[in-house]
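The values are calculated or read from the model by the stated rules, or taken from the named source; none is laboratory data. Only a predicted model underlies this, so the values are computations on that prediction, with no experimental measurement involved. A quick note on method: Cβ atoms are made from the backbone with ideal geometry, for glycine too, and the neighbour counts reach across all protein chains shown.
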Amino acid sequence: MTVNMTKGQAISLQKSDGGSLTSVRMGLGWQAAPRRGLFGSRTREIDLDASAVLFADKQPVDVVFFRHLVSDDGSVRHTGDNLVGGVGQGGDDEAILVDLQRVPVHIDQIVFTVNSFTGQTFQEVQNAFCRLVDETNGQELARYTLAGGGAFTAQIMAKVNRSGQGWAMTAIGTPANGRTFQDLMPAILPVL
Amino acid sequence: MTAELTRGQNHPLPRARLEIRVSAGTPVVAGATLGDENGTIHGVERVVHPGAPTLPGLEVSRQAAADHRLAVDLDAVPDAVHRVSVLLALPIGGRGPARFGAVAAPFVAVTDLDGDEVASYTITGLEAESAVVALELYRRQGAWKVRAVGQGYAGGLAELLADQKLPEAHQLAASIHEAVASGLARSIPAPPAAAPAHRPDHGTPPPTGPGTPVPPASSPYDPQGASAPGPQTPGAPGRHGAQQPYPGGPGESATTGQPAAPAGGPIDYSHPRRQNTAPPPPPPAAPPAEPGQPARPVAGDATGWSMEERLYNQVWGMFEDLARTTAAYRSAVDFADSRMEKELDQVLADPRSRIGGQGDAAREGARARHGQLVAQAREVLDRDVAQLVAEAEVVEPALPAAFARWDNPVWHAYRVPMEIPMALRLGDLHLPEADRIRIPMLMRLPLERGLWIDSGRSASLDGSFADSHEMRRLGLETAVAHAARLLAVYPAGEFTVHVIDPAGSGAQALAPLVQSGVLAAPPAQGAAGTADVLARLTQRVDLVQMALRGGAPDALPPGLDTSQQLLIVNDFPHGFDDRAVNQLRYLADEGPAVGVHLMMVADREESAGFGPLLDPLWRSLLRLTPVADDHLADPWVGHAWTYEPSLVPPGSQVLQQVLAQVAAARRSWGR
């Protein structure tokens, strides 16, 4: 059922029965890569942050990130900052919930990004993924694995944009560098 | 996990110690009969009912209640018993309904001691019946099972018992109803049960005073939210029997799930006064929505341990939803405006558009796109507001007095409460985009900040300027309404109001408080009176603070009034010298922590003579206005909300009636 997405691939968020999705969760999970050699068990804490930027006609209107957990209109909610990443396996460490029905009418794109707040590059992160879940039934719609860990500190993961009456999701996967989403704005604009 | 049973269906029971929870919208009597293989009851001693609430392995409540918890320990049931029938009956007499057809379908659930449901059953299809066998627990090949029965009897308990071949059915039915009636007499009767939303809160039990015998009725099975609404007569048994420190009887240890002590009866380790830690009864379920329609709202559809807390959370949820929905609408409209402006500018800047109709067409297009976006945004807003309006329509009537408007009928059924409510309604909030909906402004109690009723001249929203004399009168009337509400929602004698009215100009507005005799003393007049009241309150703050900081709250002088104090100051700064102003500031800063609150009715302009000295005072108080004014911001988006004070409808005597009850209760408490 899950679509494993590759860079640039777009999927429509229509349900198979024709109804459109009402509520989705963008989940981000990661684990810190253990250090090699002595004291290898001392994994370093890595703080990745998920953010969502709401665009209206290519103008950023609102941002949901760890310092602004709910968009003003209440349609996009961040479940809270996770400073250390996954201790368990495969669960979402940070999640952003999007109530697609409540997204204001002028918002046409929502871009999801990941930054390394502590400055480690993705080389030091293991098993990082970003996935889109239908919040109403917990079904995973799409999963995008942070490919291979390059020497960069941020990534523009995916965007959810209006298409026709419903919404579509596009995997982006563009690497970038920056501590918070503000640093990513130049990298985000070309993908809109 | 939970098996939802239909009539006739059965389900295995995983363990012998169980609870059976009953929730009906109205008080019902719960009981159980123990029958042999054929379902025959051998004698009255095989029936547990409110008159004989315990048998080995079974215990029921002594009272009729909307919610029951029956404790069952199937291992303790005699071997000869093969069938335990759980029965419900409507109490005879009183104001309750006489047939199950007139009330909501009763819901019964078999749960284990942790509250996890094993099986549940909603008894539907009842009409003229006034007694019903809800469930049957029966032995089958050495194991116990539960079956949903739902067999009703129009002839009531007597017919039900006779059907199980009990010879003394009629006498027993009569004695059960008698026992219930005597139980009802101990508690204040329930208000006409309109909706389950009217159920009283399940707050902490009133403290059982020393010397008040704990009646045996307060067993662990006393229903949560028994038929008594909120207030109970002083010394009535705590409703949360589970915390009663002295349970006794063999069946009791079965429910509380504690190992019985070898001798001297079981020991209850639970905190005697702490809230029941058992899960609260489920929130009222929304009726199934019609396809394509949003679910119809229900009062109390939020989280919380009691109905009061649920309603409080629901109101705050509505507040947040309205704030955010409006934010979405406003940001969409702002965006549409700025986009249209930009596009019109472009048209203007483009030299080609100056010739021919091209420019006009582009302008038209820009306006049309603007209109379309705004219309879309409006449509979404209207949809959301309609949903909130529907929610408000069910929530408002369900609110308890402390949360309700003065015109709510709940104030006419007012009784002096035994417990401090969670919060107090200070007024209504609304936004210009959604004029149809008023959000109750609920403030947590005890108050954390003083109140400032601004009687200054403000340009009221409807453009009519009230003159300063009129504003002062309105301000004091608002203050009286707030003070009366505070007096009414606190238990008798736990809230004391002092008034400073130096020039005596507020006599007319203060009349309801003065005449009903709820004030601690007549309003203080003149500089001497002002100084006296301030000195006494300052001293009280000092003493309590010292006692608390020194860790010796017992050392307070015996005569000290430990209730919450409210000081209403009218006509500030008239009659105040520098010393009095300093005392007032001290009270505003230090008072709330030790239960002394300030309510100023004042025009800031008039005290300008004190200079910046008073700025911290105004900042520390919550500003309210006697007329509608948009000065309050929500905590999420920061919209300017229009506040309207909660005032008594003109011509209504409800304030006087309520205050008369408060005064009577204060007198009987000797304050």
Residue among B:Pro421, B:Pro512, B:Pro417, B:Pro523 that alone is surrounded by 19 or more Cβ atoms within 10 Å (Cβ to Cβ) and touching an Asp or Glu at 6+ places or on another chain (Cβ under 6 Å): B:Pro523
Of B:His631, B:His639, which residue is within 14 Å of chain A (Cβ to nearest Cβ) and either surrounded by fewer than 19 Cβ atoms within 10 Å (Cβ to Cβ) or touching a strand residue (DSSP E or B) at 6+ places or on another chain (Cβ under 7 Å) (or both)? B:His639
How many residues, within the range B:30-62, are closer than 15 Å to B:Pro91 by Cβ and touching a Leu at 6+ places or on another chain (Cβ under 7 Å)? 3
For the range B:431-453, name all the residues that are in contact (Cβ under 8 Å) with a residue 40 or more places away in the chain, farther than 21 Å from B:His597 by Cβ and over 22 Å from the mean Cα position of the chain (by Cα). B:Leu431, B:Pro432, B:Glu433, B:Ala434, B:Arg436
Of all residues in the range A:65-84 being within 18 Å of A:Ser116 (Cβ to Cβ) and aliphatic (A, V, I, L, M), which is farthest from the other protein chains (Cβ to nearest Cβ)? A:Val84
Looking only at the range A:165-182, filter to residues that are in contact with a Ser or Thr (Cβ under 9 Å, 6 or more places away or on another chain) and not in a strand (DSSP E or B); which one of those is surrounded by the most Cβ atoms within 10 Å (Cβ to Cβ)? A:Phe181
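Restricting the range B:305-337 to residues that are of a type in the set (D, E, K, R) and within 14 Å of chain A (Cβ to nearest Cβ), which is farthest from B:Asp435 (Cα to Cα)?
So in the range B:305-337, the residues of a type in the set (D, E, K, R) come out as B:308-310, B:320-321, B:324, B:330, B:334, B:337.
Narrowing the set further to residues that are within 14 Å of chain A (Cβ to nearest Cβ) leaves B:320-321, B:324, B:330, B:334, B:337.
Details: B:Glu320: 16, B:Asp321: 15, B:Arg324: 15, B:Arg330: 15, B:Asp334: 20, B:Asp337: 23 Å.
That would be B:Asp337.
Would you say B:Gly591 is of a type in the set (Gly, Ala, Ser) and buried (at least 20 other Cβ atoms within 10 Å of the Cβ)?
Values: of a type in the set (Gly, Ala, Ser): yes; buried (at least 20 other Cβ atoms within 10 Å of the Cβ): yes.
Yes; evaluated as a whole, the condition is true for this residue.
Could you list, in sequence order, all residues of the range B:628-661 that are among the β-branched types (Val, Ile, Thr) and either free of Cβ contacts under 8 Å to residues at least 24 places away in the same chain or touching a Gly at 6+ places or on another chain (Cβ under 9 Å) (or both)?
Filtering the range B:628-661 for residues among the β-branched types (Val, Ile, Thr) gives B:637, B:642, B:648, B:654, B:658.
Residue satisfying the conditions is B:Val637 alone.
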Which condition number in (1) touching a residue at least 60 places away in the same chain (Cβ under 8 Å); (2) within 14 Å of chain A (Cβ to nearest Cβ); (3) surrounded by fewer than 16 Cβ atoms within 10 Å (Cβ to Cβ); (4) not hydrophobic (A, V, I, L, M, F, W, C) is the one that B:Ser668 fails? (2)
In the range B:545-572, how many are more than 32 Å from the chain's Cα centre (by Cα) and free of Cβ contacts under 8 Å to residues at least 40 places away in the same chain? 13
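Take the range A:103-135 and flag every residue that is more than 15 Å from A:Ser75 (Cβ to Cβ) and either outside any strand (DSSP E or B) or within 14 Å of chain B (Cβ to nearest Cβ) (or both).
Pass one, the range A:103-135, residues more than 15 Å from A:Ser75 (Cβ to Cβ): A:113-134.
Once the filter is applied, which keeps residues that are more than 15 Å from A:Ser75 (Cβ to Cβ) and either outside any strand (DSSP E or B) or within 14 Å of chain B (Cβ to nearest Cβ) (or both), the range A:103-135 yields A:Phe117, A:Thr118, A:Gly119, A:Gln120, A:Thr121, A:Phe122, A:Gln123, A:Glu124.
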Within the bounds of the range B:338-355, is there any residue that is part of a helix (DSSP H, G or I) and either within 9 Å of another protein chain (Cβ to nearest Cβ) or in contact (Cβ under 8 Å) with a residue 40 or more places away in the chain (or both)? yes
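Filtering the range A:85-102 down to residues that are touching a strand residue (DSSP E or B) at 6+ places or on another chain (Cβ under 7 Å) and surrounded by fewer than 18 Cβ atoms within 10 Å (Cβ to Cβ), which residue is nearest to the other protein chains (Cβ to nearest Cβ)? Outline the logic, then answer.
Here is the first cut: in the range A:85-102, the ones touching a strand residue (DSSP E or B) at 6+ places or on another chain (Cβ under 7 Å) are A:85-86, A:90-100.
Adding the requirement that they be surrounded by fewer than 18 Cβ atoms within 10 Å (Cβ to Cβ) leaves A:90-91, A:99.
On the way: A:Gly90: 25, A:Gly91: 23, A:Asp99: 10 Å.
Step by step, filter the range A:85-102, then rank; the result is A:Asp99.
Test B:Pro612 against the criterion of being at pLDDT below 85, over 34 Å from the mean Cα position of the chain (by Cα) and more than 21 Å from B:Arg472 (Cα to Cα), and give yes or no.
Details: at pLDDT below 85: yes; over 34 Å from the mean Cα position of the chain (by Cα): yes; more than 21 Å from B:Arg472 (Cα to Cα): yes.
When the stated conditions are applied, B:Pro612 passes them.
Please find, among B:Gly39, B:Gly101, B:Gly25, B:Gly96, the residue that is part of a strand (DSSP E or B) and surrounded by fewer than 24 Cβ atoms within 10 Å (Cβ to Cβ). Spell out how you get there, then give the answer.
On the way: B:Gly39 fails: part of a strand (DSSP E or B); B:Gly101 fails: part of a strand (DSSP E or B); B:Gly96 fails: part of a strand (DSSP E or B).
Within the list B:Gly39, B:Gly101, B:Gly25, B:Gly96, the selection yields B:Gly25.
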Considering every residue within the range B:460-479, establish whether at least one is hydroxyl-bearing (Ser, Thr, Tyr), modelled with pLDDT under 90 and in contact with a Gly (Cβ under 7 Å, 6 or more places away or on another chain). no
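From the residues in the range A:134-164 that are β-branched (Val, Ile, Thr) and over 17 Å from A:Val64 (Cβ atoms), which one is surrounded by the most Cβ atoms within 10 Å (Cβ to Cβ)?
A:Thr153
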Within the range A:109-132, can one find any residue that is acidic (Asp, Glu) and more than 23 Å from B:Ala328 (Cα to Cα)? yes
If we ask which residues in the range B:77-93 are of a type in the set (A, V, I, L, M) and more than 21 Å from B:Asp67 (Cβ to Cβ), their number turns out to be 3
Residue check: is B:Leu598 in the same structural domain as B:Ile500 (by TED's automatic domain parsing), in contact with a strand residue (DSSP E or B) (Cβ under 6 Å, 6 or more places away or on another chain) and either under 30 Å from A:Val70 (Cα atoms) or charged (D, E, K, R) (or both)? no
For the range A:166-192, how many residues meet the condition of being over 14 Å from A:Phe112 (Cβ atoms) and without any contact (Cβ under 8 Å) to a residue 60 or more places away in the chain? 5
